[in-house]
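One structure is given below, encoded as structure tokens.
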Amino acid sequence: MLMNKYPLVRACWLGSAPYREVWDLQADLVSEVRDGRAPDTLLLLEHPHVFTLGRAASADHLLWDEDERAERDVDVIWSDRGGEATYHGPGQLVGYPILDLAHFELTIPQYLEKLEQSLIDYLAELGVRSEPGGPGLTGVWSKDEKVAAIGIKLNRSVVSHGFALNLTTDMDYFDGIIPCGHAEKRPTSVEALTEHRISTEDAAYEYARHFERVFDAEMAWAPSGARTSTEGAGGVPAI
């Protein structure tokens, strides 16, 4: 019997899901993927308004005070991902690949390069020319503005966290932080670059094709509403 040479990646569209609950879901999946109890997984979703601060962030990266954040309904969460401060919110496609890199025979630099390339290829489909950041600049950039942020965590050989691609994001929310520690660098969105609006759900399914191709994987979509032992993260649909 011939074995499938392509790693299986289970994909799921979670819709709008709170950051803390998806963070817990990722932690469960990291353990399950690491122990062979779950396949490599790609979570695709969007978050309600939240500022997240990674391991390299500091409190002065927050520019809005508590009252301003409360008025705009923005949560603040200190995360265990790499990187500094970023914003998540409606109109932004967030992707969290939970992958055992040993299954893909990838190093961390190779993984990051492929993740960037999958986003660059998808953006090209939308008519946006983009490229990886230069020295000291993570993510994917277009016209010297960041269109997608990347921040990951490694647990043994399993990666988690991932990317945030600005589609129709309200860019005013980025005024509340110093994005990724670079006050002089501003983010942008697909809508700002092309005047084209795309729904986050549509983008999730379209982007996944590029992820599948770049990572030489076989994508299998979880049925909507399907649940496994990872159920319990505040009602976030596990897969």
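The values are calculated or read from the model by the stated rules, or taken from the named source; none is laboratory data. None of the values given here were measured: they were computed from a predicted structure. A quick note on method: Cβ atoms are made from the backbone with ideal geometry, for glycine too, and the neighbour counts reach across all protein chains shown. These accessible areas exclude ligands, DNA and RNA; they are computed on the full protein's heavy atoms, side chains included. Shrake-Rupley method; radii C 1.70, N 1.55, O 1.52, S 1.80 Å.
One line per residue, one yes/no per condition, for (1) among the charged types (D, E, K, R); (2) over 14 Å from the mean Cα position of the chain (by Cα); (3) open to solvent by 10 Å² or more (accessible area, probe 1.4 Å):
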| position | (1), (2), (3) |
| --- | --- |
| Arg81 | yes, no, yes |
| Val94 | no, no, no |
| Phe104 | no, yes, yes |
| Gln110 | no, yes, yes |
| Lys114 | yes, no, yes |
| Leu126 | no, yes, yes |
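Quick check: is even one residue across region 48-57 open to solvent by 10 Å² or more (accessible area, probe 1.4 Å), outside any loop (DSSP other than H, G, I, E, B) and not polar (S, T, N, Q)?
Within region 48-57, the first condition is being open to solvent by 10 Å² or more (accessible area, probe 1.4 Å), and the residues that meet it are 48-49, 55-57.
With the extra rule that they be outside any loop (DSSP other than H, G, I, E, B), the set shrinks to none.
No, region 48-57 contains no residue that is open to solvent by 10 Å² or more (accessible area, probe 1.4 Å), outside any loop (DSSP other than H, G, I, E, B) and not polar (S, T, N, Q).
Between Asp28, Asp40, Asp24, which is surrounded by fewer than 17 Cβ atoms within 10 Å (Cβ to Cβ) and among the charged types (D, E, K, R)?
The unique qualifying residue is Asp24.
Would a scan of region 153-164 turn up a residue that is closer than 24 Å to Glu84 by Cβ and exposed (fewer than 14 other Cβ atoms within 10 Å of the Cβ)?
Checked against the condition, which is being closer than 24 Å to Glu84 by Cβ and exposed (fewer than 14 other Cβ atoms within 10 Å of the Cβ), region 153-164 yields no hits at all.
One line per residue, one yes/no per condition, for (1) under 23 Å from Asp24 (Cα atoms); (2) part of a helix (DSSP H, G or I); (3) among the small types (Gly, Ala, Ser); (4) without any contact (Cβ under 8 Å) to a residue 60 or more places away in the chain:
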{"residue": "Gly82", "(1), (2), (3), (4)": "yes, no, yes, no"}
{"residue": "Pro90", "(1), (2), (3), (4)": "yes, no, no, no"}
{"residue": "Tyr96", "(1), (2), (3), (4)": "yes, no, no, no"}
{"residue": "Leu99", "(1), (2), (3), (4)": "yes, no, no, no"}
{"residue": "Leu106", "(1), (2), (3), (4)": "no, no, no, yes"}
{"residue": "Lys114", "(1), (2), (3), (4)": "no, yes, no, no"}
{"residue": "Ser118", "(1), (2), (3), (4)": "no, yes, yes, no"}
{"residue": "Gly127", "(1), (2), (3), (4)": "no, no, yes, no"}
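Output the residues belonging to region 174-196 that are open to solvent by 20 Å² or more (accessible area, probe 1.4 Å) and either in a helix (DSSP H, G or I) or modelled with pLDDT under 80 (or both).
Answer for region 174-196, where residues must be open to solvent by 20 Å² or more (accessible area, probe 1.4 Å) and either in a helix (DSSP H, G or I) or modelled with pLDDT under 80 (or both): Asp175, Cys180, Gly181, His182, Ala183, Glu184, Lys185, Glu191, Ala192, Leu193, Thr194.
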